[in-house]
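What follows is one structure encoded as structure tokens, with my remarks underneath.
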Amino acid sequence: LTEVYSSSPALGRYFRSAQVISFSNESSTVIYQLVFSVPPSTEGFMENRMNPDFIRNILRQYIYDED
């Protein structure tokens, strides 16, 4: 995840770290925390750029590009 978000043109400058919070071998589930350092609130920044769907889509696009 560190490579994905640090190299992202959209989020790379804001990305600080990724940390695994929880891991389950039984269900192959990983819970992780992403840390971003964002500028002071600007109109629409948090709603658009830091939107959870937008952040997930960056990971999805990275996975698609790798295939």
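Of note:
- Computed lengthening from residue 62 to residue 38, 0.36 nm per intervening residue step minus Cα-Cα distance: 6.5 nm
- For the range 11-18, putting each phi into the Karplus relation 6.51 cos²θ - 1.76 cosθ + 1.60 with θ = phi - 60° gives couplings of 10, x, 6, 9, 5, 10, 6, 10 Hz, in residue order, rounded to whole numbers and with x for Gly and Pro.
- Taking the longest Cα principal axis of the chain as reference, the axis of helix 52-66 is set at about 60 degrees.
- Solvent-accessible area per residue for the chain (1.4 angstrom probe, square angstrom): 76 Å²
- In this structure the amide hydrogen of residue 36, modeled in the peptide plane, comes within under 5 Å of the amide hydrogens of 16, none closer than 5 places in sequence on its chain.
- Restricting attention to the chain, close to 100% of DSSP beta bridges with both partner residues there are antiparallel.
- Carbon plus sulfur fraction of accessible area for the range 7-63, probe 1.4 Å, in percent: 52 percent
- Local electrostatic count, residue 6, Cβ distance below 13 Å [Lys/Arg +1, Asp/Glu -1]: +1
- Shown in residue order for the range 44-49 are the 3J(HN,Hα) couplings computed by the Karplus curve 6.51 cos²θ - 1.76 cosθ + 1.60 at θ = phi - 60°: x, 4, 5, 5, 9, 6 Hz (x for Gly and Pro).
The values are calculated or read from the model by the stated rules, or taken from the named source; none is laboratory data. As the structure is a computational prediction, the values presented were derived from the model and not from experiment. Quick reminder, even Gly has a Cβ in these numbers, built from the backbone with ideal geometry, and neighbours come from all protein chains shown. Areas reflect the complete protein model, heavy atoms only, side chains present, ligands, DNA and RNA absent. Shrake-Rupley method; radii C 1.70, N 1.55, O 1.52, S 1.80 Å.
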